[in-house]
1. Straight-line reach from Lys60: which lysines have a Cα under 22 Å away, not including same-chain ones fewer than 8 places off?
2. Taking only C-alpha pairs under 8 Å that are 6+ residues apart, what is the relative contact order of segment 2-88 in percent?
3. Taking the number of other C-beta atoms within 10 Å as the exposure measure, put Leu2, Leu76 in order starting with the fewest.
Amino acid sequence: MLETAYSIAYALSVPLNAVSGGRAGETFSYRCAKARRAGRSWGCIFCVLFEIFDRDHCEKTIRRWERFERFKQSELARKDASENDREARGLRP
């Protein structure tokens, strides 16, 4: 039941973020957490509301997205290194 509630919240969060002017693929809570860190009052208000349901939700969201971004960067770097290696060995058309 909890997993279903989380899935529904996530499914609503991404389009809500997009409709309200956020970056594609980000959740609304991540956008709010970034706004709170930047000192914007609307981010603070929404983070307080999120914390009614999940303690430290905005900080956990920031940490999750930062891990995801680091992973994405490492995957891109690994792919680039692999492509450069293939070119150096003459395996690339």
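1. Output for Lys60: Lys34, Lys72.
2. Numbers: 61 pairs, mean separation 14.3, N = 87.
Relative contact order for segment 2-88 comes out at 16 percent.
3. Working: Leu2 6, Leu76 10.
The fewest-first ordering by Cβ neighbours comes to Leu2, Leu76.
Every number in this text was worked out from the coordinates using simple rules, so none of it is lab data. Bear in mind the structure is a predicted one, so any value in this text is a computation, not a measurement. Using ideal geometry, Cβ is built from the backbone for each residue, glycine included, and neighbour counts are taken over all protein chains shown.
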